[in-house]
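First up is the structure itself, then whatever we jot down about it.
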Amino acid sequence: MSQIRAGTTTTTALTTTGDTTGNIQLTPDSGRVQIDTTGALQLPVGTTAQRPASPQNGDFRVNTTTNQTEVYYNGGWTVVSNLNYTVEYLVIAGGGAGGYEAGGGAGGYRSSVTGESSGGGASAESPLTVTPTTAYTVTIGAGAAGTSSTSSAPDNGSNSVFGSITSIGGGGGGHYSFTNRDGGNGGSGGGAASSTGSGGGTGTSGQGYAGGYNSGGGGGAGAIGGNGFSSGTATGGVGVSSSINGTATFRAGGGGGAPSSGGPTSGGNGGGGNGVYPGPGGNGTANTGGGGGGFWDASSPPAGNGGSGIVIIRYLGAQRGTGGTVTSSGGYTIHTFTSSGTYTA
């Protein structure tokens, strides 16, 4: 083993499997070690429990328990730098309100969870890189309130936001009393009221599907809303399942339409409200982004409310950030936001 001694100028070749790849050079006058290569100096790596038993000022290491680089100084370990890290996210917007005959669309669904899907049949997005101590805004989109009148248009749900990631609110269901009975466009589209030529609202690419037509169901994150009228198939589009918090859960289902065949029409698996003949329509489930269910009879309003959205963030290892409700599962730290707030990395 070669040694480098203070007071001398020594150059020692580093050899890996017989190849000289670079030099370590000690400059005695400055007391500085230089690595003349494009490689890296590997620091000691270990847990908090594996810290040196008798540390000295200047000891430098990577702590795998806290995911931080630390130095020992003046009797304690101090964080040198919190390196940027990546987080996976699930961002779901508020669901659209049900309409007079038609179901509301689910809130837009965006996911970067490895091995899962975003809405509208898209693959998972890339994880988000966050900077320590930086605050990222989290906005939870409200579900739209179902109309209690045959003369007011159903509303879209509100957007949900995590930093630079925005999911679009679900489209409101179509309205039989209006000339234009189409469903509203949104994260997923609202269903259309019964009318020749009326169409379901369109979904947003990478977030959700279109709504159905003729008293149709609202679109869901995982499927188009069902077509209705007398067929009784106006179910809401199914949502998408995610295990980001350790439990497989469907979210962002579309609201059911209310065709004339009678009986409730199921909302999409994932929090969609039932469409009800004669009414009132069923509400989307809170914090799923589910669309509200439609109603049929003018004497039996209101339509169902859309469900509020949700934001879930996770990363490997011990807790680094703050904000939301913090849990852990499968080696991940998980931050769940059911109301607006801030994630501080």
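Derivation of every value follows stated rules applied to the coordinates shown; laboratory data play no part. These numbers were taken from a predicted model, which means no experiment stands behind them. Virtual Cβ from ideal backbone geometry, glycine too; neighbours counted across all protein chains shown.
Quick notes
- Note on the range 90-191: Kirkwood radius taken over Cα pairs, Stokes-Einstein applied at 37 °C and 0.692 mPa s, translational D equal to 233 µm² s⁻¹.
- Chain lengthening between N180 and Q50 when straightened (0.36 nm per residue, less Cα-Cα): 39.9 nm
- Computed as a quarter of the hull surface, the mean projected area of the alpha carbon convex hull for the range 84-345 stands at 11.5 nm².
- Spin-label pair T137-T64: with each label point 7 Å from Cα along the Cα-Cβ axis, the two points sit 4.0 nm from one another.
- Taking max minus min of the alpha-carbon positions on each principal axis, the range 245-289 gives extents of 40, 15, 11 Å, largest first.
- FRET efficiency estimate (nearest 0.05) - Cβ-Cβ, S148 to N84, R0 56 angstrom: 0.70
- Ordering of 264-271, 239-246, 210-217 by packing [mean C-beta count within 10 Å, highest first]: 210-217, 264-271, 239-246
- Counting only Cα atoms, the range 44-83 measures 23, 18, 13 Å along its principal axes, largest extent leading.
- Karplus-based coupling profile of the range 61-68, in residue order and whole Hz: 7, 9, 9, 7, 6, 9, 6, 9, with θ = phi - 60° in 6.51 cos²θ - 1.76 cosθ + 1.60 and x standing for Gly or Pro.
- With q set to 0.13, 0.16 Å⁻¹, the log10 of I(q)/I(0) for the range 206-339, from the Debye formula over equal scatterers at the Cα positions, is -0.54, -0.71.
- The dipole here belongs to the range 84-345: it is taken about the Cα centre, uses +1 on the Cβ of Lys and Arg and -1 on the Cβ of Asp and Glu, and is about 320 debye.
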